[in-house]
Structures are given as structure tokens and as C-alpha cells.
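Every read-out reported here was derived from the displayed coordinates using simple, explicitly stated rules and does not represent laboratory data. What you see is a predicted model, and the numbers here were worked out from it, not measured in a lab. Methodologically, a virtual Cβ is constructed for each residue, glycine included, from the backbone with ideal geometry; neighbour enumeration extends over all protein chains shown.
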Amino acid sequence: PVLHGGGYFQEIISVCQEILRLQTSAIRDASDFTGRAMETGTLEKANEFITFQRKRMNKSLTTIEAKGRILDCAPLFNNVEGETIGAVHGIIGGPEDPERVHRMIAEAHNPNAAFSLLRLKGSAQDNMDRFTENRDLDILSYDILNPYQATSQEEVLSESIRRCHHHSLLNRASLCLDATKGPKRGKATKNSEELTKRCSSLLLRVLDASNFAEKDSHQSDIHKSSLAVMLDLCRAIVAVSGGIAEDKNLSLDGLDSREEFATNCLKRAISFTKELQATFTSLRQNENPVPVLSRFITDCLITIYAFFQMCSTTFEIYGWGKRKLNSRESAATLAKLSIALRELITEMKNILESTLSASPEIRVNHIGEAISEDDVRQTTVRIECGQLETKTRITGIISEIEESMKSFDVDV
């Protein structure tokens with residue numbers, strides 16, 4: 001969480017990968033030591049190894065959190081200068097998504113892989129007994145002036161389940177898009193059995209995610225509004241691709257009905273995006289809003305961007321793409337959503353600029369004469385350098401998303 005708040009996305013991936021490697025090595029070591037203990041007749045020690053593995057390692061709260069953070073930060077893996085978001089890993093609405101999804105599905109059976117998070121079900125309260133609190137928070141004991149407030153076990157589980165919903169939706173939406181066929185002679189083609197199953201599966205996940213957000217008390221307004229945007233984009237994708245809606249009595253056989261339904265979904269997404277912007281505007285009153293902005297990038301922004309790209313591709317397949325901005329309401333509404341998302345990013349940039357450009361004020365009155373003016377000066381310089389690095393990391397990512405959406409500005 002500390003790295004996440006500072007925009008250290010590469011470092012998050014490295015640390016979380018080490019946690020998963022430790023889990024794998026612990027299983028191997030526990031099996032080895034148990035076997036040796038049984039060979040020497042120390043059955044009590046063998047039982048101790050087995051119990052530790054089953055109750056502490058297999059139910060590790062730290063491991064489930066690490067899996068979610070790896071999936072969230074995957075699109076930024078090796079995101080160095082010259083590369084784009086999703087260049088190596090992650091579902092970001094690009095042509096590489098179907099292959100990556102199939103690879104994730106193939107590896108999901110491995111309990112020590114990050115993809116196994118997608119098997120998490122139920123609420124945080126339902127999973128309390130399945131996981132053990134094994135975080136070592138003593139490592140943060142050095143922070144005596146502003147102690148770090150660790151999240152509770154239930155909050156960690158809530159965040160992990162939210163991430164599970166996000167990535168399950170991404171996977172299903174990508175598979176729907178991969179099976180989508182454009183209309184022929186002005187009429188929608190008959191759904192293949194594969195497309196119907198994928199669209200139905202996505203809608204079921206939309207319902208699960210919606211129920212989760214509604215009932216889970218740990219979800220912030222930012223997360224709820226972000227999820228609402230994602231769900232409406234998913235509904236638009238399913239309506240256009242398969243002519244299916246959550247309301248079974250609603251007929252979406254014709255192209256006009258599909259376009260109208262999808263357009264209404266996008267209008268709701270625009271409304272929720274403006275709510276997000278208003279929430280971020282209120283963050284200006286916070287003493288340090290940067291951690292919230294940094295976490296929002298991987299928690300929600302990149303995921304929303306991926307769904308937006310998928311929705312745009314779906315519209316292109318049906319002939320409602322950017323070239324039809326002036327003639328199709330669906331294309332025009334998608335462009336308006338692009339503008340709303342860019343305004344949100346602009347607000348994030350403004351907050352970063354105003355927060356990280358100000359010189360830090362260091363108060364040493366309560367420390368006495370133990371701190372010299374030179375110490376304060378050196379600390380100030382280091383803080384300013386850190387602020388500049390943080391601003392550079394975060395701004396570079398959100399600027400790339402913003403630039404990608406500028407293609408909706410004009411009729412190509």
C-alpha cells in the first residue's frame with residue numbers, strides 16, 4: 001500500500017512476485033521437512049510443519065492481496081520510455097487481449113499464480129475464515145511521527161474481491177469482443193453459441209459485481225462510481241455484440257434497438273464519470289491527495305480505459321466508429337464519454353501539480369535542537385526530488401491514456 005500510494009508500480013510487481021515465490025518455496029520446503037521429520041520419527045514436528053502450511057501459508061492474507069496488486073499493475077509492467085500501457089501484460093482493450101486471456105485461464109488452476117484470484121467468490125465477510133492475518137506490520141515501526149494505519153483483514157479481502165470482479169469482467173468482455181461478428185446487409189448476424197455463452201457469462205458477472213458494490217461497506221465513492229462506469233460499458237458491449245440485456249423481456253434483435261440501448265448505457269457512464277471528477281475536485285481539500293490519485297490509476301482508471309477501448313472496437317465492428325461522429329448518436333456519445341474521461345484526467349493533473357509543486361513545510365519545533373537547519377534543508381531537497389519523481393511517474397501514465405482518447409476529437 002505504501003508503494004502504491006507513491007506510484008511505484010514496477011516495485012509493487014517485484015515485491016508481490018517475491019511474495020508468490022515465497023509461497024511456492026514454502027510448499028516445497030514444508031513437504032521436504034515433513035518427510036524428513038517422519039523419517040526420523042519426530043511426528044509432532046511433522047504435524048507442526050503440515051499445520052503451519054495449511055493454516056498460515058495456504059490461507060495467507062498477504063498472498064491474496066499480492067495477487068490482486070499484480071493483476072492491477074500488470075499493464076504497467078516494464079512500462080519504460082518508448083513502450084505503451086499493456087505492452088507486455090494486462091488486458092487493456094488491445095488486439096493482444098484474447099491471447100492473454102486464454103493464457104490466464106489456462107494458468108488459473110495454479111493456486112500460487114496471480115490469476116487464481118479470479119476464483120474468489122462471495123463477500124469479504126464470507127471469506128474471513130478462509131484467510132489468516134499474517135502480515136508483519138512491525139516493519140513499519142520506524143514511522144513514529146506519522147504512523148502508518150494498516151487496513152483491517154476485512155478491508156484487504158474487500159479490495160481483493162473488488163479486483164477479482166474487475167479482472168473477471170475484463171476477461172469476459174475481451175472474450176465477447178473476440179467472438180463478435182459485424183452485421184451483414186444492414187442486419188445483425190445470428191449469434192453463435194459461443195458468443196451467446198460469453199455474453200451471458202459477462203452479464204452474470206455484471207450482476208455479481210453490482211450486488212457486491214451495493215452491499216460492501218468498504219467500497220469508497222470513487223470505487224463505486226468507477227465500477228458503475230465499467231458495468232455500463234460492459235452492458236453496451238453485450239447489447240451490441242449479442243443483442244442481450246439483463247432484462248430478458250427487452251428485445252434487442254435490430255441494430256437500431258441495440259444502438260439505442262448502448263447509447264443510453266454510455267450516457268449513464270458519462271454521468272458517473274462526472275461524479276468521479278467532482279469527487280476528485282473535493283480532494284483538493286485533503287492535505288495529501290496524491291496516494292488516492294496514484295491508487296486510482298491501477299485500481300480503476302486503466303480498467304475503465306480498457307472497457308472504453310473494447311466498446312469503441314465493438315462500435316467500429318458495427319460501423320458506428322469515429323468516422324460516424326456526425327451521423328450516429330452512439331459514436332457521438334462515445335466521443336462525449338472520451339471528453340468526460342479526459343476532463344477527469346485533467347483534474348487529476350491539476351491536483352498533482354498544485355500538491356507536488358509546493359515546497360514542503362517542515363516543522364521541527366516539537367523535536368527541539370536535535371535537528372539543525374542544515375538537516376531541514378537537506379530533507380527539504382530530498383522531499384522535493386521525491387515529489388518530482390512521483391509527479392513524473394503518475395503524469396506519464398495518465399497522459400498516455402489522455403492522448404489515446406484525443407482521436408475522438410475530430411471526424412476522421
**Asked** Setting aside same-chain residues fewer than 8 positions from K267, which aspartates and glutamates have a Cα under 14 Å from its Cα?
**Response** D232, E259, E275, E329
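Provide the net charge surrounding T314, with neighbours chosen by a C-beta distance below 14 Å and charges set as Lys +1, Arg +1, Asp -1, Glu -1. Don't skip to the end; give the middle numbers.
Working: positive: R172, K181, R198, R235, R258, K322, K324, R328; negative: D97, D178, D232, E259, E316.
Summing Lys/Arg as +1 and Asp/Glu as -1 gives +3.
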**Message:** Take the residue pairs K274/K324; K190/K224; K121/K197; K67/K215; K121/K406 and return only those whose Cα atoms are more than 30 Å apart.
**Reply:** K190/K224; K121/K406
**Prompt:** Which trypsin sites (Lys or Arg not before Pro) in segment 197-257 pass both tests, a DSSP loop state and at most 11 other beta-carbon atoms within 10 Å?
**Reply:** K248
**Complete:** Under the helix-only model (-39500 (n - 2.57) for each DSSP H run of 4 or more, divided by the residues of the chain), the mean residue ellipticity at 222 nm, to 500 deg cm²/dmol, is -21000 deg cm²/dmol
**Message:** Quick check: the angle from helix 97-107's long axis to the longest principal axis of the chain, C-alpha only, nearest 10 degrees?
**Reply:** 50 degrees
**Request:** Please report how far the C-alpha centroid of segment 300-349 lies from that of segment 26-75, rounded to the nearest whole angstrom.
**Result:** 46 Å
**Request:** Have a look at A239, A228, A106 and tell me which one the Gaussian network model of the chain (Cα, springs below 10 Å) gives the largest fluctuation.
**Result:** A106
**Request:** Assign one of three labels to segment 180-275, namely rounded, prolate or oblate, based on the Cα gyration tensor with a ≥ b ≥ c the square roots of its eigenvalues; rounded applies when a/c is under 1.5, prolate when it is not and a/b is larger than b/c, and oblate otherwise.
**Result:** prolate
**Request:** Please state the charge dipole magnitude for the chain, taken about the Cα centre, from unit charges on C-beta atoms (+1 on K and R, -1 on D and E), reported in debye and rounded to the nearest 20.
**Result:** 1740 debye
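Which peptide among 86-94, 17-25, 263-271 comes first, and what is the full order, when sorted by highest mean count of other Cβ atoms within 10 Å? Each step should come with its number before you reach the end.
Values: 86-94: 21.8, 17-25: 14.2, 263-271: 19.8.
The peptides rank, most packed first, as 86-94, 263-271, 17-25.
Highest mean first, what order results for 96-105, 122-131, 298-307 on Cβ atoms within 10 Å? Could you put the intermediate results ahead of the total?
On the way: 96-105: 16.8, 122-131: 15.1, 298-307: 24.0.
Peptide ranking by packing, descending: 298-307, 96-105, 122-131.
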**Complete:** Expected sort for 334-346, 168-180 on mean C-beta neighbours within 10 Å, highest first, is 168-180, 334-346
**Complete:** Among [x] 21.6; [y] 26.1; [z] 25.0, the entry matching mean projected area of the Cα convex hull in nm² as calculated here is [z]
**Request:** Quick one: angle between helix 61-73 and the longest Cα principal axis of the chain, in degrees between 0 and 90, rounded to 10, please.
**Result:** 40 degrees
**Spin-label pair Q378/S201, simplified geometry with 7 Å Cα→Cβ offset, distance in nm** = 5.8 nm
**Request:** Pull out the extension gain between T281 and R185, defined as 0.36 nm times the separation in residues minus the alpha carbon to alpha carbon distance; nm, one decimal.
**Result:** 29.8 nm
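R0 = 56 Å: FRET efficiency of D32 with T392, Cβ-based, nearest 0.05?
Details: r = 46 Å, r/R0 = 0.82.
For D32 and T392, the calculated efficiency is 0.75.
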**Fill in**
To the nearest 10 degrees, the tilt of helix 43-52 (Cα long axis) against the first principal axis of the alpha carbons of the chain is 40 degrees
